[in-house]
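Working notes for the structure below.
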Amino acid sequence: MDLSRQSSIILSITILTTFASFVKSSLPQGLQTLNISSEITTDPNITASFATDFGNLFNRTPGAVFLPSSPNDIATLIRFSYTSSTPFHISQRGLGHSAYGQTLVPDGILIDMSSLDRTNYSRINVTNGPIPYADVGAEQIWIDVLNATLKHDLMPRVLTDYLSLTVGGTLSNAGLSGRAFMHGPQISNVYELDVITGTGEIVTCSRESNPDLFYAVLGGLGQFGVITRARIALEPAQKRVRWLELFYTDIKVLTSDEEKLISTGNSLSGIVDYLEGEVLFSVTQGSLTGSFNFSNSDVEKIVKLGSENSGPIYLLNVVLFYNDTTATSLEQKVELLLKELHYTSGFAFSYDIPLFNFLNRLAFFGGAPSSVVQFHPWLVMLVPKSKILEFGSMVYRGILNGYKGGRFFLLYPLNRAMWDDEMSAVTPNEEVFFRADFLWTSEAANETKSIAKKNKQIQNICKKYNFGCKEYLPHFTNPIAWQKQFGEKWGKFVSRKMKYDPKALLSPGQRIFTTLGIN
């Protein structure tokens with residue numbers, strides 16, 4: 001089990017054992033009479049531990065913390081608030097990986113979803129049939145789902161790059177990685193959900209049963225209900241990967257190659273299993289070690305390439321999955337890739353590792369989030385293909401010209417056809433668009449202001465020149481901005497809110513609907 005998961009469970013158990021006799025005089029009137037009252041605390045020492053998140057940019061203390069032992073407990077809490085004459089806000093939290101306080105709920109009640117993992121029965125159940133799937137508790141983290149499915153020689157079709165994220169958390173957004181061009185985001189690979197709506201109703205939904213709620217919740221930013229279970233699509237797992245790292249000095253050449261790799265009807269179609277590009281602003285020995293098996297001479301050569309280039313250089317991660325039966329054709333595929341792609345001559349590197357090590361590479365190579373206090377004012381833009389070169393010129397060679405920071409500025413393409421437009425998640429209105437990440441990390445609070453300024457400049461460029469960008473993991477603060485984000489989906493988004501959470505109890509930290517009792 002992941003260490004962050006262990007820590008969360010230990011915290012949950014500790015809280016339950018320390019506040020059983022705590023006087024809950026400040027809870028909403030009548031709540032202390034419910035059979036779930038022993039799972040709720042207003043102890044300031046405990047609520048303070050849930051006052052911030054991964055971004056570490058906001059501090060908003062909940063009025064109480066709720067540690068449910070079952071989905072029925074969550075339904076009881078929501079139903080109580082919905083029927084109360086004085087309803088209160090409720091937010092659900094997995095491991096707190098939101099960046100802008102999206103899961104925080106000042107003065108409301110925060111549901112610690114990880115407490116559901118305290119049960120004495122498995123919340124990950126794999127069915128290996130003609131259509132394999134896993135029934136997974138929303139509080140589970142993807143690394144545990146992966147480990148459970150690999151025991152059956154299966155794996156989820158799409159995983160996030162960092163695997164210590166909860167299932168419910170990523171499905172509330174979309175769930176993206178270098179596999180999404182192939183299968184779509186994680187929300188496109190769900191068969192069924194159990195959801196507790198904003199009225200406290202427990203509903204099982206799918207494309208065939210209660211489809212409107214199913215589509216609303218996937219990518220719905222927690223606005224329509226609390227996901228408690230998801231049925232995840234699986235596929236056969238391979239044993240190993242061939243990992244190619246190819247360096248480029250021209251964004252036009254990079255994006256052209258990326259697009260070719262995800263397109264159909266060409267010589268490279270269907271060869272690649274994983275694809276992610278990166279923008280490298282400052283290439284140093286430190287930024288290259290720990291992520292790939294580069295030799296000292298390779299590192300020196302790559303650093304020299306970066307220093308000689310007038311702007312950033314680009315790195316394309318191309319990965320092929322294989323096992324014993326497919327190993328014979330692997331070298332032919334690699335040879336074809338190296339022949340057809342237009343990377344900088346002499347800057348192709350190859351690495352062969354077990355599949356699990358690649359999928360869990362951020363932990364395996366030491367790239368997972370640090371335990372040191374850090375600030376993460378992240379920005380993730382989805383940029384239409386037709387605007388990506390202008391975007392690159394104005395942002396990478398403009399706003400960020402001369403930037404000397406580290407890695408994790410991703411740039412890779414996605415196929416809109418792999419997304420289900422009925423779902424709440426939004427994308428640019430082009431068949432191919434690019435994910436452009438600005439995954440800033442700072443250990444100085446005052447530095448976040450200059451980063452926020454850069455983020456704002458990037459957003460303003462997209463608006464000023466009508467690039468048609470959308471934000472992934474959005475963090476707007478007013479309804480007008482949200483309306484622009486959702487575009488033509490806004491009307492349906494609002495009507496679904498009125499239907500499934502008519503008093504706007506859920507997830508106020510997103511700052512979409514913040515007034516209780518909106519109808």
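Taking θ as phi - 60° and the Karplus parameters 6.51, -1.76 and 1.60, the scalar couplings of the range 333-341 work out to 5, 4, 4, 5, 4, 5, 7, 8, 7 Hz in sequence order, x denoting glycine and proline.
For the range 386-519, the per residue solvent-accessible surface stands at 46 Å², with DNA, RNA and ligands left out and a 1.4 Å probe.
Where the accessible area of the range 65-105 is counted over protein heavy atoms with a 1.4 Å probe, how much of it, in %, is carbon and sulfur? Ligands and nucleic acids excluded, carbon and sulfur reach 50 percent.
Here the dipole of the chain is about 1180 debye; that uses its Cα centre as origin and unit charges on the Cβ of Lys and Arg (positive) and Asp and Glu (negative). Its Cα gyration tensor gives the range 286-338 an equivalent ellipsoid. The semi-axes, each the square root of 5 times an eigenvalue, are 29, 14, 10 Å from largest down.
Sort 373-384, 438-449 for me by packing, meaning the mean count of neighbouring Cβ atoms within 10 Å per residue, highest on top. Mind dumping the intermediate values first?
Values: 373-384: 20.1, 438-449: 14.5.
Most protected by this proxy first, the peptides run 373-384, 438-449.
If the rule is a partner Cβ under 4.7 Å, which cysteines in the chain fail it? Cysteines of the chain left without a disulfide-compatible partner: C205.
Between the listed residues L246, T284, Q223, the Cα displaced farthest toward the positive end of the dipole of the range 207-311, a dipole computed from Cβ unit charges relative to the Cα centre, is found at Q223. Shown for the range 406-481: the carbon plus sulfur share of the solvent-accessible area, taken with all protein chains present and a 1.4 angstrom probe, equals 52%. Taking θ as phi - 60° and the Karplus parameters 6.51, -1.76 and 1.60, the scalar couplings of the range 395-402 work out to 9, 5, 9, x, 3, 9, 4, x Hz in sequence order, x denoting glycine and proline. Paramagnetic label reach from D324 (point 7 Å along Cα→Cβ; backbone nitrogen cut-off under 20 Å): within the range 140-166, residues 150-155. For the range 218-327, which whole percent of the accessible surface, found with a 1.4 angstrom probe, sits on carbon and sulfur atoms? C and S atoms contribute 46 percent here. The residues of the range 96-228 expose, per residue, 28 Å² of accessible area to a 1.4 Å probe. Spin-label model, K339/K464: points 7 Å from Cα along the beta carbon direction are separated by 4.7 nm. Computed from backbone phi, the HN-Hα couplings of the range 496-512 come to 5, 4, 4, 7, 9, 9, x, 9, 6, 7, 8, 6, x, x, 5, 6, 9 Hz, rounded to whole numbers (Karplus: 6.51 cos²θ - 1.76 cosθ + 1.60, θ = phi - 60°; Gly and Pro given as x). Helix 296-308 and the longest principal axis of the Cα set of the chain meet at an angle near 90°.
Annotation for the range 85-193: trypsin sites (Lys or Arg not before Pro) lying in DSSP loop with at most 12 further Cβ atoms inside 10 Å of their Cβ are K151.
Could you work out the helix-only [θ] at 222 nm for the chain, with each DSSP H run of four or more residues adding -39,500 (n - 2.57) and the total divided by the number of residues, to the nearest 500 deg cm²/dmol?
On the way: 17 runs with 154 residues, N = 519.
The helix-only estimate for the chain comes to -8500 deg cm²/dmol at 222 nm.
The values are calculated or read from the model by the stated rules, or taken from the named source; none is laboratory data. Bear in mind that the values here come from a model prediction, so they are computed numbers and not experimental data. So basically every Cβ, Gly included, is an ideal-geometry build from the backbone, and we count neighbours across all protein chains shown. Protein only, heavy atoms only, side chains kept; ligands, DNA and RNA dropped before computing areas. Shrake-Rupley method; radii C 1.70, N 1.55, O 1.52, S 1.80 Å.
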